[in-house]
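Below is one structure; the comments refer to it alone.
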Amino acid sequence: MRLYQNPFVFFLIEESDILVWDYYHHQQFKIDVSYFERLLFWSPFKDKSTLDRIDTDLLEGGLLQEEPLKMPNWQWDVLSKIFHMGTQNIPVYDSPPSKKEWIREYAEECEDLPREITFSRKGPVVELPSADTALLKEKDYLTVLLSRKTNRVFRDTPMSLETLSTLLRATFGNIHEDARESSGGFYTAGVRKTSPSGGGLHPLEAYVVIFNVQGLEKGLYHYSFQGHTLTRIGDEVTYQDMIPLFYNQFYLENIAMGVFLVAHFDRCWDKYRHSRAYRIALMDTGHLSQTFLLNATSLGLNTWLSAAFQDKEIARLLGIDGMTQAPLHFVAAGEGENLSIPSV
Ligand SMILES: Cc1cc2nc3c(=O)[nH]c(=O)nc-3n(C[C@H](O)[C@H](O)[C@H](O)COP(=O)(O)O)c2cc1C
């Protein structure tokens, strides 16, 4: 008989223990070195009568297979494969018997989770003027959709504080004031923004870089969505400081402002324990990015975006650790030439 190794495993050494992680079956085992050696020097041909305890344990645990597991076509490296496979086909556990029961269980699960997002940074606080949402009514929706475009040539033109305020509030702000709907005493959402968010957790915070906004000092800020305020967290950065951090993409020259979308992963950990929730943070980022781009376009601005930046350097600039809180994306706005490619 022939027994095949499960190719979708990796090994970890943790405090002198050997862990084998089977990301195909979503199982992890602590194994003895003799099991590790068996896998390391595995020879596929076995007489059934010679299978010993180690072989049968490995077979039972799915680390050996009677049929070879099919190798998928995957052209990225093993890291992405582990993440992709390890976060898909999560096993379904017993579902509760009725809709009522389902809702009750879910409500119970949420009971201990924070209902408010209370994050703020220390620093001088700048009150923003009220957002002028009437500005977002000037162009019809289709015009906005058709006008959104990635612009790579900006003009050195200041943005008004009202425009900045409206853009931030309509993208990241508490635009609904109180969005909680009470149904049988069960609040459906603690916060509602103009973008959806997996589990209603809104793990992304807006870290704003001001280059050219009337009445606002250049520098780094954190946007507080509850107060509609900016907290100053860092001094002026210049375009020349930023360009190398974006792999020399000079397109950002002359943007009036930009926003780093920073994932606060720790906000997700209590509710979603599985690393599949990393996908949710990435998708939240995409939603927020598009809302920002459409809002900015509606306000008559040009936009640029980039996910290609030096994470560590940006994290240092923003005063975050890059692990529990990490920048995932950058969106920017200003007046520009509406050109996809600069003519040089
Ligand atoms: C996640 C993401 C990352 C991007 N990163 C960059 C970037 O680093 N530099 C850049 O110039 N454009 C970047 N873009 C913009 C795309 O190149 C652009 O959206 C695409 O070429 C289509 O053009 P359009 O936006 O004008 O429709 C990015 C877009 C997305 C969605």
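The values are calculated or read from the model by the stated rules, or taken from the named source; none is laboratory data. All figures in this text were calculated on a predicted structure; none of them were measured in a lab. All Cβ positions, glycine included, derive from the backbone under ideal geometry; neighbour counts span all protein chains shown. Ligands, DNA and RNA are stripped out before the accessible areas are found, and what is left, the full protein with its side chains, is counted by its heavy atoms. Shrake-Rupley method; radii C 1.70, N 1.55, O 1.52, S 1.80 Å.
Summary of values
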{"read-out": "Cα radius of gyration and Dmax for the stretch 4-86 (Å)", "value": "13.4, 41"}
{"read-out": "Length gained when the stretch Phe250-Arg155 is fully extended (0.36 nm per residue, less Cα-Cα span)", "value": "32.9 nm"}
{"read-out": "DSSP beta bridge pairing in the chain, given as percent antiparallel to the nearest 5", "value": "95"}
{"read-out": "Gap separating the Cα centres of the stretch 305-341 and the stretch 123-168, nearest whole Å", "value": "18"}
{"read-out": "Within straight-line cross-link reach of Lys122, aspartates and glutamates at Cα separation under 15 Å, skipping those fewer than 8 residues along the same chain", "value": "Glu205, Asp235"}
{"read-out": "Cα-Cα over 24 Å, subset of Lys137/Lys193; Lys30/Lys81; Lys139/Lys218", "value": "Lys139/Lys218"}
{"read-out": "Coil-residue chymotrypsin sites (Phe, Trp or Tyr not before Pro) of the stretch 222-328, DSSP, other Cβ within 10 Å capped at 10", "value": "Tyr247"}
{"read-out": "In Hz, Karplus ³J(HN,Hα) per residue of the stretch 80-94 (6.51, -1.76, 1.60; θ = phi - 60°; x = Gly, Pro)", "value": "5, 5, 4, 5, 4, 6, x, 10, 10, 6, 5, x, 8, 8, 3"}
{"read-out": "³J(HN,Hα), Karplus 6.51/-1.76/1.60, whole Hz, each residue of the stretch 196-201, x for Gly, Pro", "value": "x, 8, x, x, x, 8"}
{"read-out": "Euclidean distance between Cα centres, the stretch 77-119 to the stretch 199-234, Å", "value": "30"}
{"read-out": "Amide hydrogen neighbours beyond the local backbone of Ile18, cut-off 5 Å, H modeled", "value": "Ile31"}
{"read-out": "Point-charge dipole on Cβ atoms (K/R +1, D/E -1) for the stretch 4-86, about Cα centre, debye to 20", "value": "280"}
{"read-out": "Per residue value of the accessible surface for the chain (all protein chains in place, 1.4 Å probe), Å²", "value": "57"}
{"read-out": "Extended-chain gain in nm, criterion 0.36 nm per residue less alpha-carbon gap, Lys218 and Asp47", "value": "54.1 nm"}
{"read-out": "Residue order for Trp102, Trp76 - accessible surface, 1.4 angstrom probe, largest first", "value": "Trp76, Trp102"}
{"read-out": "Hz values of 3J(HN,Hα) by residue in the stretch 35-50 - Karplus curve (6.51, -1.76, 1.60), Gly and Pro given as x", "value": "6, 4, 5, 4, 5, 5, 9, 5, 10, x, 8, 9, 7, 3, 6, 8"}
{"read-out": "Built amide H within the under 5 Å cut-off of Asp132, gap 5+", "value": "Thr166"}
{"read-out": "Cα-centre dipole for the stretch 109-334 with unit charges at Cβ (Lys and Arg positive, Asp and Glu negative), debye to 20", "value": "480"}
{"read-out": "Built amide H within the under 5 Å cut-off of Val153, gap 5+", "value": "Glu337, Asn338, Leu339"}
{"read-out": "Virtual spin-label span in nm between His176 and His84, 7 Å along Cα→Cβ", "value": "3.5"}
{"read-out": "Rg in Å to one decimal, and Dmax rounded to a whole Å, for the stretch 109-334 via C-alpha atoms", "value": "17.1, 56"}
{"read-out": "For the stretch 30-188, alpha-carbon Rg relative to the globular expectation (2.2 N^0.38 Å, N residues)", "value": "1.90"}
{"read-out": "Around Asn212: net Lys/Arg minus Asp/Glu count, Cβ-Cβ under 12 Å", "value": "-3"}
{"read-out": "Structure-based [θ]222 nm, the chain - -39500 (n - 2.57) summed over DSSP H runs of at least 4, per residue, nearest 500", "value": "-8500 deg cm²/dmol"}
